[in-house]
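Structure first, then comments.
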Amino acid sequence: MSELGEMLRVAAVGYLNARPLYEGLDRSPASSRVLLECASPREVARRVAEDEADIALMPVAAAATIGDLRLARGCAIGARGAVRSVVVVADRPIETLDELAVDLSSRTSVILARLVLRARNRGREPRLIGAEPHDAIASVGGARGALVIGDPALEIEGRFAHALDLGLAWWELTRLPFVFAAWCGRAGALSVDDERLLEAAKREGLDRREAIADAHAEQTGLPPASLRAYLREAIRYDLGDEERRGLQRFYDEAAHAGLLPRTTVRFFDDDRRAAAPTPALDTLLGRAAEGERLSAAEGERLLAQGSLFELGLAADAVRRRKHPNGVVTYIVDRNVNYTNVCTTSCRFCAFYRPLGHPESWVLSRGELAKKLQEVVDAGGVQILLQGGLHPELRIEWYEELFRWIKSEYKLGLHALSPEEILHIGNLEALDTRAVLERLRAAGLDSVPGGGAEILVDRVRRKIAKAKCTSEQWLGVMRVAHQMGLRSSATMMYGTVDTPRDRVAHLVKIRDLQDETSGFTAFFCWDFQHERGTKIEAGDHGTVLYLRQQAVARIMLDNVPHVGASWVTQGPEVGQVALRFGADDFGSVMFEENVVSSAGTTFCMNAEGMEQRIRAAGFKAARRNVRYDWLTSPS
Amino acid sequence: MLEAIADKVKRGERLSFDDGVTLFRHPDVVAVGQLANGVRERLHGDRTYFNRNMRIEVTNVCVASCLFCSFAKLEEHSPGAHTMSLADAWRELEVRMDDPPAEIHIVNGLHPGLPFSYYEELLSGFKRIKPDIHMKCFTAVEIHFFAQHYGMTHTEVLERLRRAGLDSLPGGGAEIFHPEVRTRISHDKATADEYLEVHRVAHKLGMRTNTTMLYGHIETFEHRVDHLLRIRALQDEAGGPFQAFIPLAFHPDGNGMRNMPAPTAIDALRTVAVSRLLLDNVPHVKAYWVSMTPEVAQIALRFGADDLDGTIVHETIYKAAGSRSPSGLSVEQLVRLVQEAGRMPVERDTFYNVVREYPRATLPESALKVRDRKANKHLEVLS
């Protein structure tokens, strides 16, 4: 093993209140054992989820989402009563608020706020409005309040007529401490000695609280005395039996409300005494069928251990609960690729050609007009317009194209995957929002979810080095959703990805969906390994496809629709997939250049789609991109 | 409804006609498949069979005019009509002697102009080339046609062909037994009783045979159940010489029922599952990949089927009717299909003696682990 391999990879949220726990790890003797990095809450959780860090000081909601993690006893960021840095503020009594502006990515605090407000208000809670922290504060007024977290909360102490300290509110509700964050890792990640290092770092950090507060005061201009008191009195760094009860209470209530997967608090040292109990697989599936949220760890278990039938029946139960009408939809649209020129050279792609290649092309208006007229003639309602990353097509080209399409044809424009939007942004030095604003003004209706592949960067680097990172892909979708655009989400598995990667992908989509509710549907397929592609196939097979789709339906509890990818799996398997959690049959097929250049070619018209939907025991209805029915189900 | 049937299945009790219809009608094909899978696993565990076989259709000239057929040509001189010379037929094997099949599966049209000796020589010629080759040839419909056409009894036909090298009978030609259907789709070839009688005679001579059902055209679920129960009855009577039942999906291209939709994959899985549940005395149910595509056949291995048939090499009958399955699959492809279904591949001979066992996939039902694949470990065992 390399020296690096023997180091304990530690990630910590770099916030003021966390410093007393992690700063000591950078000094000897811990520094020879520990590789410490600070990052955002989302990032530290991601590192543990994707096995890039052994432990992380992470928010407790993130830990529950990953699932089956262990906590280091003794160290946490918590409160026993008022915490000061997690508050709901408003101009009028908190109980009378209709709306609450929140940073939706701060999941632990958001869930705490929701639980507290529901409990104080007989189950009623304000509508959540996603906003950046300072926008949230600025938007407070009338029936709208804001949830404010961290330094901004300390900055605005006393500014609003009404403020609810959520640490205090939790204490009043439960008479228990609250735990916001703790050291978390997979079972076996910490030895007894490692735990001692964490405790030693904490002891040292607690002694240095005043210096830490003063340094932060210097940086931020906040009053030093207030910060000293904050670290000394408001924040509690213990994680003992009482804190465990407080955290368990939080997990139980959040799970009961459907906000987090069911979670049992378990310390690393618990494992040294007794093996962790694991629920039976059918218990998990039964819970999922009832609508309970599963953790990533539980999703991995389903993929590894669930039988085809168990997964299929559970996914079908989820489908039935979400769509009790027994309707399977499909859309009459056409996939049009405007160019095969692309600069990314993804190793799994057989479609692209470099600029100037004799086989490269950009679709002319004439060719496009012919294709669009065919769509209209076939009763189509939209086109799915995608292409390679052409280095010379400027945003004006897209704008003109969109305006022309919208003026000439009554078709929805489902266009440009995140990768293309980022590419245009780079070319024009515009941010995502600006690109999307201009394209929407020109006629863009919705964003296709292509190019997601596997939203784990270790995988992306191997198969599509030049492509955007997972965070960038999700970032484009976040902005699009915030602007009111809807999108689909996809997954292409079966290259170098592992079952853990595939579940991590699903959970990232679910997390973003919690924030934005902008995803309409999810589709997955396996890598089509044929001529022209440069990578070996990984996990494959029809049975795996059905299992994977079923697990997606089970995990993606907040995504309304799951579609069967008959274009890649064939009409036969696509139909079978309707009994494994899908409630949509995708699109009729005029043409689809990318998949077909890798050797897969299937065709199906509306009649064929409806026949197969009915033969699978469902009613068929045509839909638009928002999944509204355009025909009555029959 | 399903619970009562599930209880019977659990107790090993025989299912009734009404149970069969209920199973076909049940909206949740996955639940039906799960029941059938239980029976399949009780009988065979994870073992999933295939063999190295080769199909040859020596003539497509056929006096019968079955509505569902896209293969047959009425006369030798019709466009597309083709009859192989004996030498051409034998060459199919000769050219493959470096990696020969273990079984030759011959199915033909009912040719009015060939002498009986053509068939005898056909068989003996293959045996000359490879004495241990298994000849699984001529459907009951062909045997019946030979008896009529050449003025012999079924027994005489079978005895002469056996002397020439015939080893077993394939199951084709069963179509749908019920006269309401059979008289409309296959009015001028062996009746149900005649088909079954040929098998009965073959069984008495000590031969083993397979049997089939062509589903998904004009028949009802009741007709399917009736068909399956007639097979079950003959199997009871003869003490088990049917080795395998093979459901065959109707394909509509280029035949007299071209306006009908083909049965879908859901119907294929349902039919495999219900067949497995009703045919409690037939050891094997095949997922004939030529009929249902290799992809759906893989799923069928979890819906009651325990056999994929074989390498086939060169199939023309389903091809003529528009099937998009490949003409043949390699042993490697068959092994992978089985492993990806999480099952254990077993290469067999025609009588289900084990030729070779392959490792099952390591993950339950999922594909091979990436690193195994990269190391081609699943292929290593083949070479």
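The values are calculated or read from the model by the stated rules, or taken from the named source; none is laboratory data. Because the structure is a prediction, the values reported are computed rather than measured. All Cβ positions, even for glycine, are placed from backbone atoms using ideal geometry, and neighbour counts span all protein chains on display.
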How do the helices (runs of 4 or more DSSP H) wholly within segment A:280-368 filter down when requiring 1 or more residues that are more than 14 Å from every other protein chain (Cβ to nearest Cβ) and buried (at least 23 other Cβ atoms within 10 Å of the Cβ): which remain? A:281-289, A:296-305
Per the filter on segment B:20-57, residues of a type in the set (A, V, I, L, M, F, W, C) and free of Cβ contacts under 8 Å to residues at least 24 places away in the same chain are B:Val30
Is segment B:72-84 home to any residue that is touching a residue at least 60 places away in the same chain (Cβ under 8 Å), in contact with a Cys (Cβ under 9 Å, 6 or more places away or on another chain) and within 17 Å of B:Ala174 (Cα to Cα)? no
A:Phe402 fails exactly one of the following numbered conditions: (1) surrounded by fewer than 19 Cβ atoms within 10 Å (Cβ to Cβ); (2) touching a Gly at 6+ places or on another chain (Cβ under 6 Å); (3) aromatic (Phe, Trp, Tyr). What is the number of that condition? (1)
Please pick out the residue among A:Gly299, A:Gly306 that is at pLDDT 95 or above, outside the structural domain of A:Ile405 (by TED's automatic domain parsing), of a type outside the set (Val, Ile, Thr) and within 27 Å of A:Trp566 (Cβ to Cβ). A:Gly299
Looking only at segment B:282-290, decide whether some residue is within 13 Å of chain A (Cβ to nearest Cβ), part of a helix (DSSP H, G or I), within 22 Å of B:Gly45 (Cα to Cα) and at pLDDT 90 or above. yes
If B:Arg324 satisfies all but one of (1) within 10 Å of another protein chain (Cβ to nearest Cβ); (2) buried (at least 22 other Cβ atoms within 10 Å of the Cβ), what's the number of the condition it fails? (2)
If the Cβ limit is 6 Å and pairs must be 6+ apart or interchain, which residue in segment B:253-269 that is within 12 Å of another protein chain (Cβ to nearest Cβ) and hydroxyl-bearing (Ser, Thr, Tyr) pairs with which residue that is part of a helix (DSSP H, G or I) and buried (at least 16 other Cβ atoms within 10 Å of the Cβ)? B:Thr264/A:Gln575; B:Thr264/A:Arg612; B:Thr264/A:Ala615
So which residues in segment B:164-186 are surrounded by fewer than 18 Cβ atoms within 10 Å (Cβ to Cβ) and either touching a residue at least 24 places away in the same chain (Cβ under 8 Å) or touching a Lys or Arg at 6+ places or on another chain (Cβ under 7 Å) (or both)? B:Glu180, B:Arg184
Members of segment A:81-108 found to be in a loop (DSSP other than H, G, I, E, B) and either among the aliphatic types (A, V, I, L, M) or out of contact with any Gly (no Cβ under 8 Å at 6 or more places or on another chain) (or both), listed by number: A:Ala82, A:Val83, A:Pro93, A:Leu97, A:Asp98, A:Leu104, A:Ser105, A:Ser106
Does A:Glu515 satisfy the criteria of being charged (D, E, K, R), touching a residue at least 40 places away in the same chain (Cβ under 8 Å), over 19 Å from A:Glu50 (Cα atoms) and touching a Ser or Thr at 6+ places or on another chain (Cβ under 8 Å)? yes
Quick one: how many residues across segment A:214-241 are surrounded by 13 or more Cβ atoms within 10 Å (Cβ to Cβ) and touching a residue at least 24 places away in the same chain (Cβ under 8 Å)? 13
Residue satisfying condition, being more than 8 Å from every other protein chain (Cβ to nearest Cβ), at pLDDT 95 or above and either crowded, with 24+ Cβ neighbours inside 10 Å or within 16 Å of the chain's Cα centre (by Cα) (or both), within set A:Thr495, A:Thr520: A:Thr520
Out of curiosity, is B:Glu332 modelled with pLDDT of 90 or more and within 14 Å of chain A (Cβ to nearest Cβ)? yes
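Let's see how each residue does on (1) within 14 Å of chain B (Cβ to nearest Cβ); (2) at pLDDT 95 or above; (3) within 21 Å of A:Val567 (Cβ to Cβ):
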site	(1), (2), (3)
A:Val503	yes, yes, no
A:Thr542	yes, no, yes
A:Gln548	yes, yes, yes
A:Arg553	yes, yes, yes
Could you please find all residues in segment A:611-628 being surrounded by fewer than 22 Cβ atoms within 10 Å (Cβ to Cβ), within 12 Å of another protein chain (Cβ to nearest Cβ) and more than 15 Å from A:Asn325 (Cβ to Cβ)? A:Gln611, A:Ala615
Test result for B:Gly206, free of Cβ contacts under 8 Å to residues at least 24 places away in the same chain, at positive phi and not in a helix (DSSP H, G or I): yes
Counting only residues that are over 30 Å from B:Ile176 (Cα atoms) and in contact (Cβ under 8 Å) with a residue 60 or more places away in the chain, how many does segment B:113-141 have? 0
Restrict the check to segment A:127-139 and report whether at least one residue is touching a residue at least 12 places away in the same chain (Cβ under 8 Å) and surrounded by 24 or more Cβ atoms within 10 Å (Cβ to Cβ). no
Return the only residue of A:Ala113, A:Ala161, A:Ala181 being at pLDDT 95 or above, surrounded by 24 or more Cβ atoms within 10 Å (Cβ to Cβ) and more than 22 Å from A:Gly240 (Cα to Cα). A:Ala113
Is it the case that segment A:229-248 has a residue that's more than 30 Å from A:Ile554 (Cβ to Cβ), touching a helix residue (DSSP H, G or I) at 6+ places or on another chain (Cβ under 6 Å) and among the hydrophobic types (A, V, I, L, M, F, W, C)? yes
Report, ordered by the first and then the second residue, all pairs with beta carbons closer than 8 Å, sequence separation of six or more or different chains, a first member in segment A:354-365 that is closer than 15 Å to A:Tyr398 by Cβ, and a second member that is among the hydrophobic types (A, V, I, L, M, F, W, C) and surrounded by 10 or more Cβ atoms within 10 Å (Cβ to Cβ). A:Val362/A:Val341; A:Val362/A:Leu393; A:Leu363/A:Val336; A:Arg365/A:Trp404
Which strands (runs of 3 or more DSSP E) sit wholly inside segment A:109-223 and have at least 1 residues that are outside the structural domain of A:Ala255 (by TED's automatic domain parsing) and hydroxyl-bearing (Ser, Thr, Tyr)? none
Going residue by residue through segment B:65-73, is there one that turns out to be within 14 Å of chain A (Cβ to nearest Cβ) and not hydrophobic (A, V, I, L, M, F, W, C)? no
Considering each of A:Gly617, A:Gly608 in turn, give the residue that is in a loop (DSSP other than H, G, I, E, B) and modelled with pLDDT of 80 or more. A:Gly617
Across segment A:452-487, what is the number of residues that are out of contact with any strand residue (DSSP E or B) (no Cβ under 6 Å at 6 or more places or on another chain) and on the phi > 0 side of the Ramachandran plot? 1
Restricting to segment B:220-252, give me the number of residues that are assigned to a helix (DSSP H, G or I) and within 14 Å of chain A (Cβ to nearest Cβ). 1
How many residues are buried (at least 21 other Cβ atoms within 10 Å of the Cβ) and under 17 Å from A:Gln575 (Cα atoms) if we restrict to segment B:25-34? 4
